[in-house]
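Asker: Dumping the structure here so I can ask a few things about it.
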Amino acid sequence: AASAQFQLAVPLAVAFTPRSVPGDLPRPLPFRDAQEMDIAVNQRTTVRSRYELLYRSTTAREDAALDAATARDADAALHLLQDPSLGSLTVYVVPETSSLLPQGISVYVGQHRSALVRAGGGFAALRARLAQLTQVMSFTATSIAAALSDRVPDGQLGPDARRHLKSSLGYEITFSLLNPDPKSHAVDWDIEDAVNRYVQPILDKLSLVANFSVDSQILYYAVLGVTPRFDKASSSFLLSAHSLPHVINPVEARLGSSAASLYPVLNFLLYVPERSHSPLYIQDKDGAPVSTNAFHSPRWGGIMVYNVEAPASPHTSLPLHVDVDMARVMEVFLAQLRLLFGLSREELPPEFLVESPGNEGLADWELDRLLWAHTVENIATVSTTLTSLAQLLDKIGNIVIKDDVASEVYQAVASAQSAMAELATGHLHSAFQASKEAVTSSERAFFDPSLLHLLYFPDDQKFAIYIPLFLPMAVPILLSLAKMVREARQHKKEPTKMD
């Protein structure tokens, strides 16, 4: 792949309330500073992150917002006063004695693009805390390495780096209810209401990242690929962790959605076990039951087992009517959706408190984290696609490249360069949009119909096709030529008659 030098600039405002200004500030407020960090990817790809800090005093309106009773109220009020641009962060430094933050908590990360930090320990301690905070709220070396995983040597990647979905212009989400035993269970699930209530808010927030389509289906007589083991002690059936990979294949054959899809498909399966295998529990690697009774498969989706209580009387008429508790199910599926997008919360120091994202299912800074990673990944993908196209075209000597293909290539290069420039100036939104345009143009060029037939019919294949056609005609012609050459030679050898 071609070399790439990324520069990621994060605008970070640090606002001090009147009683929280450290005594050892290097310069009077306001002043600017920058912190740089290099992320090593490989010899040809380097990523330099630059945090552009503006230290300033809080405004009167910000002070009024910080007079709120709780950190959550303050976060909501401050949100209206902040820089709304994607990728920017604002940190409010509150006095050491502030009652806004709970006891033992010195950093509060809100739902939007700001955090509250308790003062104390001087300027050096504050800088260290800011470094920790930016790792949580923007990007880390790990998240950028995961985005560039195709360029990173295998040994250097963490175990989670290849779990996340690849960046795509769209995703298809399929919710499937598997009822292997309809004679015993008549299962009802209000999937439409559940999607509108729980899934749509997070998809609305993610609509900036990609287009999403959602569908659902009910599959009858669809069984898992593994027979669960009966456990006498608990009189239940168990699926162990090592058998889970084998569960998916037979089910996937019935899903049928990914074959016709242009985009990655995320599958969320709700499995109601048959009566003969109920109740069914999933075990983790240590043999302990999994609290959610669900598991997820990286880049594929997740499966949740939904047990139905056995009827109190053995004479109850079948099928049993089952109403699925969609709130419980969607809580699990949304957690799996976050995992697939790499939005799972990382381990944080104990003095950090992170606000839950609420009904939207996604905090603003988590959306930014996703955009940083996807922008970098898109630019790397364009670079790889265009390099591959150039190498292929080099191998085909007699190729004619149409003007529209050439213009798509130029457009892809221009958009990728624009995305790099926007990243370096800290404009995340425009950088991401430009990176999406670059991906679209590079794919249009690579898959252009005028190039495809040339890629699939190189010269050696042409010879293989045409030789059988021309050989039968060529044989008599070659034989005639040989005869003519022989006769000419004979004619030369005969002595000239002298009169």
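Asker: From zero outward in steps of 10 Å, how is the percent of C-alpha pairs of region 326-448 spread across the bins?
Answerer: 12, 30, 25, 19, 10, 4, 0
Asker: If 61, 127, 338, 254 are ordered by their accessible area, calculated over protein heavy atoms with a 1.4 Å probe, which sequence runs from highest to lowest?
Answerer: Values: 61 170, 127 65, 338 35, 254 105 Å².
In descending accessible area the options line up as 61, 254, 127, 338.
Asker: Using unit Cβ charges (K, R positive; D, E negative) and no other charged atoms, how large, in debye to the nearest 20, is the dipole of region 76-219 about its Cα centre?
Answerer: That gives region 76-219 a dipole magnitude of about 740 debye.
Asker: In region 297-353, which GluC sites (Glu not before Pro) fall in coil by DSSP and have 12 or fewer other Cβ atoms within 10 Å?
Answerer: 309, 346, 347
Asker: Mind ranking 214-224, 178-188, 365-375 by how tightly packed they are, going by the mean number of other C-beta atoms within 10 angstrom, highest first?
Answerer: Order by mean packing, descending: 365-375, 178-188, 214-224.
Asker: Of 449, 176, 247, which is farthest along the charge dipole of the chain in the positive direction, counting Lys and Arg as +1 and Asp and Glu as -1 at C-beta?
Answerer: 449
Asker: What number, rounded to the nearest 500 deg cm²/dmol, is the helix-based mean residue ellipticity at 222 nm of the chain, given -39500 (n - 2.57) per DSSP H run of at least four residues and division by all its residues?
Answerer: Computed ellipticity for the chain at 222 nm equals -12500 deg cm²/dmol.
Asker: Tell me which residues come under 5 Å, amide H to amide H, from residue 266 once H is placed; ignore anything under 5 positions away on its chain.
Answerer: Residues meeting the amide H criterion: 172, 173, 174.
Asker: Shifting gears a bit: Sorted by mean Cβ packing within 10 Å, highest first, what order do the peptides 228-238, 82-92 take?
Answerer: Details: 228-238: 12.5, 82-92: 20.0.
Ranking the peptides 228-238, 82-92 by packing returns 82-92, 228-238.
Asker: Could you tell me the calculated FRET efficiency between residue 387 and residue 299, based on Cβ-Cβ distance and R0 = 25 angstrom, to the nearest 0.05? Write out the running numbers ahead of the final one.
Answerer: Details: r = 24 Å, r/R0 = 0.97.
FRET efficiency, residue 387 to residue 299: 0.55.
Asker: Would you kindly derive the ³J(HN,Hα) couplings of region 82-97 from the backbone phi angles with the Karplus curve 6.51 cos²θ - 1.76 cosθ + 1.60 (θ = phi - 60°), listing them in order in whole Hz, with x for Gly and Pro?
Answerer: Going residue by residue, I get 8, 5, x, 5, 5, x, 8, 10, 10, 10, 9, 9, 10, x, 4, 8 Hz, with x marking Gly and Pro.
Asker: Sort 473-480, 33-40 by packing, meaning the average of other beta carbons within 10 Å per residue, with the highest value first.
Answerer: On the way: 473-480: 10.0, 33-40: 13.4.
Per-residue mean Cβ counts within 10 Å order the peptides as 33-40, 473-480.
Asker: Looking only at region 62-119, where both bridge partners belong to it, what percent of the DSSP beta bridges are antiparallel (to the nearest 5)?
Answerer: DSSP beta bridges in region 62-119 are roughly 40 percent antiparallel.
Asker: Follow-up question, since we're still on this one. Assigning unit charges at the beta carbon (Lys, Arg +1; Asp, Glu -1) and nothing else, what dipole magnitude in debye, to the nearest 20, does region 278-351 show about its Cα centre?
Answerer: 260
Asker: Kindly write out, for region 123-139 in residue order, the coupling ³J(HN,Hα) from the Karplus curve 6.51 cos²θ - 1.76 cosθ + 1.60 (θ = phi - 60°), rounded to whole Hz, with x marking Gly and Pro.
Answerer: Each residue's phi maps through the Karplus curve to give 5, 4, 5, 5, 4, 5, 5, 5, 4, 4, 5, 5, 5, 6, 9, 10, 7 Hz.
Asker: By its C-alpha gyration tensor, with a ≥ b ≥ c as the square roots of the eigenvalues, how is region 247-396 shaped: rounded for a/c under 1.5, else prolate for a/b larger than b/c, else oblate?
Answerer: In terms of gyration-tensor shape, oblate.
Asker: Whole Å is fine, so just give me how far the alpha carbon centre of region 375-423 lies from that of region 301-344.
Answerer: When both Cα centres are located, 46 Å separates them.
Asker: How much length would be gained if the chain were fully extended between residue 103 and residue 429, taking 0.36 nm per residue of separation minus their Cα-Cα distance, in nm to one decimal?
Answerer: 113.7 nm
Asker: Would you work out which of 109, 58, 89 lies farthest towards the positive end of the dipole of region 54-114, given +1 charges on the beta-carbon of Lys and Arg and -1 on that of Asp and Glu, about the Cα centre?
Answerer: 89
Asker: A follow-up question, please. May I have the convex hull volume per residue, in Å³, for the Cα set of the chain?
Answerer: 265
Asker: In degrees, nearest 10, range 0 to 90: what is the angle between the Cα axis of helix 403-424 and the longest Cα principal axis of the chain?
Answerer: Roughly 30 degrees between the two axes.
Asker: Using Cα positions and a limit of under 17 Å, work out the lysines in reach of residue 395, with same-chain residues fewer than 8 apart set aside.
Answerer: Within the straight-line limit of under 17 Å, residue 395 reaches these lysines: 462.
Asker: Dipole of the chain, Cα-centred, from +1 at each Lys and Arg C-beta and -1 at each Asp and Glu C-beta, to the nearest 20 debye?
Answerer: 1780
Asker: When each pair of different Cα atoms in region 1-123 is counted once in the 1/r mean, what is the Kirkwood radius in angstroms, to one decimal? Mind showing how you got there, number by number?
Answerer: Values: mean 1/r = 0.0630 Å⁻¹.
Final number for the Kirkwood radius of region 1-123 is 15.9 Å.
Asker: In Å and from the alpha-carbon atoms only, list the Rg and Dmax of region 170-341.
Answerer: Rg, Dmax (Cα atoms, Å): 16.3, 54.
The values are calculated or read from the model by the stated rules, or taken from the named source; none is laboratory data. Everything numeric in this text was worked out from a predicted model, so none of it was measured. A quick note on method: Cβ atoms are made from the backbone with ideal geometry, for glycine too, and the neighbour counts reach across all protein chains shown. Please note that ligands, DNA and RNA were not included when accessible areas were found on the heavy atoms of the full protein model with its side chains. Shrake-Rupley method; radii C 1.70, N 1.55, O 1.52, S 1.80 Å.
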